[in-house]
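The values are calculated or read from the model by the stated rules, or taken from the named source; none is laboratory data. Predicted model, so just to flag it, every value in this text is computed and none were measured. A quick note on method: Cβ atoms are made from the backbone with ideal geometry, for glycine too, and the neighbour counts reach across all protein chains shown. Areas reflect the complete protein model, heavy atoms only, side chains present, ligands, DNA and RNA absent. Shrake-Rupley method; radii C 1.70, N 1.55, O 1.52, S 1.80 Å.
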Amino acid sequence: MTQINQNFCRLPGSYLFSEIGRRVSAYSQENPGAELIRLGIGDVTQPLAPAVTQAMTRAVAEMGTQEGFRGYGPEQGYDFLRQAIARHDYQARGVEIDPEEIFVSDGAKSDCGNIGDLFGPDNIVAVCDPVYPVYVDSNAMAGRAGHYDPQTGRWDRLVYLPCTQQTGFVPELPKGRADMVYLCFPNNPTGAMATREQLKAWVDWANERGSVLLYDSAYEAFISQPELPHSIFEIEGARTCAIEFRSFSKTAGFTGNRCAYTVVPRQLEREGVGLNGLWNRRQTTKFNGVPYVVQRGAEAVYTPEGQAQVRQTIAYYQRNAQLLREGLGQAGLAVSGGVNAPYLWIKTPEGMGSWDFFDLLLRQAHVVTTPGVGFGPSGEGYIRITAFGQAEQAAQAVERIQSVLG
Ligand code: PLP
């Protein structure tokens, strides 16, 4: 009989968003008049920039002509986009990345999940706690996570790096072995950002041990403090120990359009094998490229008009974040994040559990949030709120929460 990958059977159900959905719909059914404000899910709400839609419209028209039609494109992405990325996202910040080190893809989620293909099953994997669940589940599927303990919410072969108030929500270096380390800055869910010095310590640690840092900077566009690094490759030594994931999803509202990229430096080698070549082999075997039309849209993000327009949208979300941060702080809540990220990480009052505070805000303020414990045990006692909603709703949510807690 055909054997299945038993690792899938060890995965716990994806409980978090289904349980939120269940509680919200039960409450709505009991209270059909309640006008809920949803600040839970991390999707964008503002439309694509006109520069992007115009470029995509032109590309669609091209595809309808004999001369302009394109079939399969290069699996790694079209040169025009790889060059634009290298110039604007790296050279402009003093970082030399060759276009051939850039692999355009359909999402940072896919790339974060697929990167594990390059690594053997016996590697020890370290993740932050709380964590973006893709890093954990994709390693569990590959058999690197061991067994899941529903009591603790942990896998027995993973190393968890607690990100708590004491550590400023940035993980400390592991005491023991860790071969693959997922880092995410700006962080989902805590909204924390690591300093240059903190990242330098990680890079030195990884180079000394031969570990690989898997650096997810999907929220890079939200960094507002000028001294902070936007890329791991701004840190000396990173080219020999890091892979970086970036996305147009949150930078330019591409969540429904799908375009991202991964940077694998040529100098990154393990066991004498270059990872750039391995990733190229993986992508050319299992992936057939991002649509031409979408890549033309992504290229337009880097034009002067495109830049001005996407910056405007990010500023809109950043104003929401500031309003939420200040307003919820005035309501007496301890709020972190929201300065260099679209996420706010809020301590529950009086030691309440994450789900209890979620229920209280749902029932009394009609505001939907995300319980922090859903991102890992260290998220207990927190909720996550996103700044991706409409400005009026963010303002209304603040008023409602202030009046409930006031
Ligand atoms: N990385 C992190 C940390 C995220 O929070 C998300 C989306 O929520 C992604 C990656 C996914 O990005 P993409 O839309 O490019 O797949």
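Legend: helices of the chain (whole DSSP H runs) are marked when their alpha-carbon atoms reach 24 angstrom or more along the helix axis and their mean Kyte-Doolittle hydropathy is at least -1.0; marked are 304-330.
Farthest towards the positive end of the charge dipole of the stretch 1-75, among the residues Tyr15, Gly64, Ile37, is the Cα of Tyr15, using unit charges on the Cβ of Lys, Arg, Asp and Glu. In this label model, Gln390 and Phe8 are separated by 4.0 nm, measuring between points 7 Å along each Cα→Cβ vector.
Estimated purely from DSSP H runs of n ≥ 4, each contributing -39500 (n - 2.57), the mean residue ellipticity at 222 nm for the chain is -11000 deg cm²/dmol once divided by its residues. Cross-link partners of Lys175 among lysines, defined as those whose alpha carbon lies under 21 angstrom from its own and excluding same-chain residues fewer than eight positions apart: Lys200. Atom-type composition of the exposed protein surface of the chain places 50 percent of the accessible area on carbon and sulfur (1.4 angstrom probe). Shown is the FRET efficiency for Gln66 and Asp117, computed with R0 = 51 Å from the Cβ-Cβ distance and rounded to the nearest 0.05: 0.85.
When you filter the GluC sites (Glu not before Pro) in the stretch 87-161 for DSSP loop state and at most 16 other Cβ atoms inside 10 Å of their Cβ, you are left with Glu96. Using Cβ point charges alone (K and R +1, D and E -1), the dipole size of the stretch 208-265 about the Cα centre works out to roughly 300 debye. For the chain, rounded, prolate or oblate, judged on the Cα gyration tensor with a ≥ b ≥ c (square roots of eigenvalues), a/c < 1.5 rounded, else prolate if a/b > b/c? Oblate shape, in that a/c is at least 1.5 and b/c is the bigger or equal ratio.
One decimal place: the segment Phe80-Gln46 gains 9.6 nm when fully extended, by the rule 0.36 nm per residue minus the C-alpha distance. In a GNM of the chain with a 10 Å cut-off on Cα contacts, which of Ala59, Ala192, Ala242 has the highest mean-square fluctuation? Checking each option, the largest mean-square fluctuation is seen for Ala59.
Between Thr285, Thr370, Thr348, the GNM of the chain built on Cα springs shorter than 10 angstrom shows Thr285 fluctuating the most.
Anisotropy class assigned to the stretch 16-142 is oblate, per the alpha carbon gyration tensor with a/c at or over the 1.5 cut-off and a/b no larger than b/c. Summing Cβ point charges (Lys, Arg +1; Asp, Glu -1) relative to the Cα centre of the chain gives a dipole of roughly 340 debye.
Contact order, relative form, for the chain: 23 percent (alpha carbon pairs under 8 Å, 6 or more residues apart, mean separation divided by residue count).
Solvent-accessible surface of the chain, averaged per residue with a 1.4 angstrom probe and all protein chains in place: 44 square angstrom. Using only alpha-carbon positions in the stretch 65-121, the gyration tensor eigenvalues give semi-axes of 24, 20, 9 Å once each is multiplied by 5 and square-rooted (largest first).
Available extension along the chain between Arg196 and Gln166 is 8.9 nm, counting 0.36 nm per residue and deducting the alpha carbon span. Summing Lys and Arg as +1 and Asp and Glu as -1 over all other residues whose Cβ lies under 15 Å from the Cβ of Gly73 gives a net charge of -1.
Sparsely packed loop sites in the stretch 21-73 (the chymotrypsin sites (Phe, Trp or Tyr not before Pro) outside DSSP H, G, I, E and B with at most 14 other Cβ atoms within 10 Å) comprise Phe69, Tyr72. Take every pair of alpha-carbon atoms less than 8 Å apart whose residues are at least six positions apart; their mean separation over the length of the stretch 337-406 yields a relative contact order of 33 percent. Only beta bridges with both residues in the chain are counted; by DSSP, about 55 percent of them are antiparallel.
Counting only other residues whose beta carbon sits under 12 Å from that of Gly42, what net charge do I get with K and R as +1, D and E as -1? Cβ neighbours under 12 Å give a net charge of +3.
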